[in-house]
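The values are calculated or read from the model by the stated rules, or taken from the named source; none is laboratory data. In this text, all values refer to a predicted model and were calculated from it rather than measured experimentally. Neighbour counts are summed over all protein chains in view; Cβ atoms, including those assigned to glycine, are modelled from backbone coordinates with ideal geometry. Protein only, heavy atoms only, side chains kept; ligands, DNA and RNA dropped before computing areas. Shrake-Rupley method; radii C 1.70, N 1.55, O 1.52, S 1.80 Å.
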Amino acid sequence: MMKNTIRKKILVTGGAGFLGSHLCDRLLSDGHDVLCVDNLYTGTKDNIKHLIANPFFELMRHDVTMPLYVEVDEIYNLACPASPIHYQHDPVQTTKTCVHGSINMLGLAKRLNARILQASTSEVYGDPRIHPQTEDYWGHVNPIGSRSCYDEGKRCAETLFFDYYRQHNLDIKVARIFNTYGTRMHPNDGRVVSNFIVQALKNQSITVYGSGEQTRSFCYVDDLIEALVRMMGTGNSFTGPVNLGNPVEFTILELAEKVIEMTGSSSKINFESLPQDDPIQRQPDISLARERLGWEPSISLEQGLKKTITYFEQLLF
Ligand code: NAD
Ligand code: UDP
Ligand code: UDP
């Protein structure tokens, strides 16, 4: 239902992806006019097909590494593959998307004097040496490893955002997103939650990389989208970076066991080798988000997994 707001023209890059499509839904339901720009590299039309008939929604197939001349009031820059298998498939393109894509979107924002939000990542902390991670931590990142195209690409994007802020007075927002999961993840996305659920539903072995003692903190998509919208709505003086994620931490083995239990699967756990530079621990300190956005996640892992399992059941069977 349309709420009583001023209709803004909002650009969502990567809008046909997992997070982007949920963000388009939310912005449309808030009464805005949404331009989704996506090259459909990891995103799909399936994610947004329910929006195509909406006159306030538009899909533009475009690669953000190329200049883009459109007229909008606000920009959410989400374009970038997020799953390690996909961002490592063409690492040079990943860095280009992060860096050239950010330069183009910042140039666009500068010409339009539009507010712009960057979907950054907990990967800027690399394999962190402090725990949980606070925004003032500079990170522990390998510049030449197989994850570097993404980690360093996203770090450089943050640098560009802050230089456009300092040099051109641009109105920027930087959100550091921690592992987020939920409906519309692609079954071949490759990230842990979707892999485990798909494997469990098919009674295939669950692929735990390494010993499974590494930890992650999983945020359900609805909570994350609420945080992004709140971040975009903060006053000019607040640029972030701000950590957005769920601070409840689990080991990967605990996640595997939970998924097996919740799906009633006969799958067994299969331990495989740990990918290079796989972070050992990850947990956001969200004090800043609590204070500045009045936000914290409200959906538990159990509740979120239930919704995600139902989604994959419908998709696969
Ligand atoms: P996703 O892969 O589902 O979505 C990314 C979208 O960007 C896809 O639709 C893809 O086709 C599009 N895209 C990629 N390169 C592009 C290019 N050059 N030009 C135009 N479009 C392009 O991933 P997601 O999980 O929805 O992630 C969205 C954003 O959030 C990414 O920037 C990601 O780095 C960030 N993020 C996500 C998570 C998470 O856990 N989901 C965590 C941290 C950061
Ligand atoms: N750009 C764009 N759309 C615009 C304005 C700029 O895609 O509406 C791109 C343009 O290709 C440029 C980049 O953004 O290379 C950076 O723009 P900026 O104005 O900051 O720098 P300059 O044009 O001086 O390189
Ligand atoms: N992982 C796993 N099995 C899988 C996929 C991932 O054990 O099938 C592990 C991976 O090694 C990492 C964690 O789960 O330690 C999260 O991986 P993901 O690719 O989802 O995101 P990351 O946080 O590493 O970017």
Pull up the range 57-80, narrow it to residues that are hydrophobic (A, V, I, L, M, F, W, C), within 11 Å of ligand 2 (Cβ to nearest atom) and open to solvent by less than 50 Å² (accessible area, probe 1.4 Å), then point me to the one that is farthest from the chain's Cα centre (by Cα).
70
Counted residues, the range 87-106 - those being farther than 13 Å from residue 172 by Cβ and among the small types (Gly, Ala, Ser):
1
Among the numbered criteria (1) over 24 Å from residue 231 (Cβ atoms); (2) touching a helix residue (DSSP H, G or I) at 6+ places or on another chain (Cβ under 7 Å); (3) surrounded by 14 or more Cβ atoms within 10 Å (Cβ to Cβ), which one does residue 313 miss?
(3)
Among the residues of the range 123-182, how many are hydrophobic (A, V, I, L, M, F, W, C) and within 16 Å of ligand 2 (Cβ to nearest atom)?
7
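Does any residue of the range 205-215 turn out to be within 26 Å of residue 45 (Cβ to Cβ), modelled with pLDDT of 95 or more and not hydroxyl-bearing (Ser, Thr, Tyr)?
Within the range 205-215 (the criterion being within 26 Å of residue 45 (Cβ to Cβ), modelled with pLDDT of 95 or more and not hydroxyl-bearing (Ser, Thr, Tyr)), the answer is no, since none of the residues qualifies.
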When residue 250 is evaluated against the numbered criteria (1) within 16 Å of ligand 3 (Cβ to nearest atom); (2) in a loop (DSSP other than H, G, I, E, B), which criterion, by number, is the only one it fails?
(2)
Among the residues that make up the range 197-220, is at least one of them open to solvent by 40 Å² or more (accessible area, probe 1.4 Å) and in contact with a Gly (Cβ under 8 Å, 6 or more places away or on another chain)?
no
Total residues in the range 110-150, condition open to solvent by 20 Å² or more (accessible area, probe 1.4 Å) and away from ligand 3 (no atom under 16 Å from the Cβ)
14
Of the residues in the range 46-101, those that are of a type in the set (Gly, Ala, Ser), near ligand 1 (Cβ under 8 Å from one of its atoms) and farther than 15 Å from residue 17 by Cα come to 101
Suppose the filter is within 16 Å of ligand 2 (Cβ to nearest atom) and open to solvent by less than 40 Å² (accessible area, probe 1.4 Å); does residue 44 pass it?
no
Look through 179, 195, 169 and report the one residue that is touching a strand residue (DSSP E or B) at 6+ places or on another chain (Cβ under 7 Å), among the polar types (S, T, N, Q) and under 30 Å from residue 138 (Cα atoms).
179
Per-region count, the range 96-121, residues in a helix (DSSP H, G or I) and over 24 Å from residue 39 (Cα atoms):
0
